[in-house]
1. Would you confirm whether any residue within segment 344-353 is closer than 30 Å to Asn260 by Cβ and touching an Asp or Glu at 6+ places or on another chain (Cβ under 7 Å)?
2. Are any of the residues in segment 319-330 in contact (Cβ under 8 Å) with a residue 40 or more places away in the chain, surrounded by fewer than 13 Cβ atoms within 10 Å (Cβ to Cβ), of a type outside the set (S, T, N, Q) and not assigned by TED's automatic domain parsing to the domain that holds Asn229?
3. Tell me, which strands (runs of 3 or more DSSP E) wholly within segment 239-354 include 2 or more residues that are in contact with a His (Cβ under 7 Å, 6 or more places away or on another chain) and within 30 Å of Pro170 (Cβ to Cβ)?
4. Write out, first by first residue and then by second, each pair whose Cβ atoms fall under 7 Å of each other, whose residues are 6+ apart or on separate chains, and whose first residue, in segment 129-149, is on the phi > 0 side of the Ramachandran plot and surrounded by fewer than 18 Cβ atoms within 10 Å (Cβ to Cβ) while the second is of a type outside the set (Lys, Arg) and assigned to a loop (DSSP other than H, G, I, E, B).
5. Mind listing whichever residues of segment 151-205 are part of a loop (DSSP other than H, G, I, E, B) and among the hydroxyl-bearing types (Ser, Thr, Tyr)?
6. Among the residues of segment 370-394, which ones are of a type in the set (S, T, N, Q) and farther than 18 Å from Pro321 by Cα?
7. If we scan segment 295-306, do we find a residue that is assigned by TED's automatic domain parsing to the domain that holds Ala161, within 13 Å of the chain's Cα centre (by Cα) and crowded, with 22+ Cβ neighbours inside 10 Å?
Amino acid sequence: MNRADMKSLLGSLALFLWATSALETFAAPTNTVEVGDPTIAREGDWYYVFSSGTGAAIRRSKDLVNWELLPPVFPGAVPDWVREKIPTVAPIVWAPDILKFQNNYYCYYSYSTGVGSQRSVIGLATAESLDPDKPGAAWKDQGLVVESTPDKDPYNAIDPAMVLDEAGKPWLVWGSSWAGIYLAEIDPATGKLLEGGKKHRLAANPSVNIEGAILRFHDGFYYLFVSHNDFKNYNVKVGRSKLITGPYMDRLGKPMTEGNGTPLIAAYGDVVGPGHCGVLLGECPWYDLLVHHVLMEGAYDTRATRDLQVRPIFWATDGWPLAGEVILETPPAAPQPVEGWWSHRVGFGDVHRILFRGDGTLSSRSGARGTWKLDGKTLTMNWPRPEGGDAVDVCVLHPDGNSYVGRNAADTDIRGTREPVTSDRTP
């Protein structure tokens, strides 16, 4: 065997090892079944996820993969004040939120008379710690924050989420369907809505359901994450504004009050109904975090369950958030070279198999040709169009080098995952 053949063989072997290591079989995550409407916080070495359920379910994890179930916020009956307001309410807490403010953790929660009902209430519970083994972990119910009644209020008092503005001042965002998503300032002394404060309408969707709002400040903008539609068609969209009170626009400059939003995560592959997310910024050493539920068929006697997924949030060069692939291990594995075959998905739908070559060129099984370049974590793909010019995909490469996510100029989600090398994977 001559030197050139040996070099080629070693290169092929290395590429095979890179690809197969990228597809290592991971153990299934634990305690992630029936975790609807999750939100996430961190205290010490633990990440905590709160979700809908009897009494408001709580889980914690150190690796973002394996979760331990903890006692709920309300281990007993429905709070008395809720039962007085809505005597027939079921004991299910809807979409509890968790955020630290000053020296306490604030858990805003909601009860409702049912899906499609506007008779709902939002309450507040506080604790000094999320760790059940620490003093001050007992939850103290602070009572009613806001309520909604049919034919009286424009909003529905569910899905509350606290946000701190750039100056550290607290606000509450909430709502679903009807007139959409609302925001109001919180009195920091009580945790309740500021007396006489204005309620600002941030987003709506006249065509389909809208709910599950989360608002976060990042690099000079307030980002509003909302869930559209329901069940198998659930998806998350995002918009942003320089002012916390809006107006919120998507990446193409369209208002969120008219049902618009830049796609963040939607159904693709085996992922069905991803939505109702929580967002945690600055509390993970490798990336920011997105939690959401997905619809899983047949987990319990063929009944669909809402199961937890945790994903990295990356930030594109234009400042917009991107949702990466599901986290299966932390810390991330050592980075792998880009070269090799990838499944390249466009708009959560069409899948193309493309080859990244070491000379900076691209080719696909369909015959398309292009070029690629990696600058830090930014992966740029240029695809010449027959009519002239290039289609450009600008993506962020995962730290382990085995997936990427981005958007094209048309605001279409672009994502890729590495494939193994097999005999039919030839240029």
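1. yes
2. Within segment 319-330, not a single residue is in contact (Cβ under 8 Å) with a residue 40 or more places away in the chain, surrounded by fewer than 13 Cβ atoms within 10 Å (Cβ to Cβ), of a type outside the set (S, T, N, Q) and not assigned by TED's automatic domain parsing to the domain that holds Asn229.
3. Details: elements: 262-265, 275-280, 288-300, 303-315, 321-323, 340-346.
Those strands (runs of 3 or more DSSP E) span 275-280, 288-300, 303-315.
4. Cβ pairs passing all conditions: Gly136/Glu128; Gly136/Ser129.
5. If the condition is that a residue be part of a loop (DSSP other than H, G, I, E, B) and among the hydroxyl-bearing types (Ser, Thr, Tyr), then Tyr155, Ser176, Ser177, Thr190 are the ones that fit.
6. Hits for segment 370-394 are Thr371, Asn382.
7. First pass over segment 295-306, keeping only residues assigned by TED's automatic domain parsing to the domain that holds Ala161: 295-306.
Still in the running and within 13 Å of the chain's Cα centre (by Cα): none.
Looking for residues that are assigned by TED's automatic domain parsing to the domain that holds Ala161, within 13 Å of the chain's Cα centre (by Cα) and crowded, with 22+ Cβ neighbours inside 10 Å, one finds none in segment 295-306, hence no.
The values are calculated or read from the model by the stated rules, or taken from the named source; none is laboratory data. Source: prediction; values computed, not measured. Ideal geometry is used to build each Cβ from the backbone, glycine not excepted, and the neighbour counts take in all protein chains shown.
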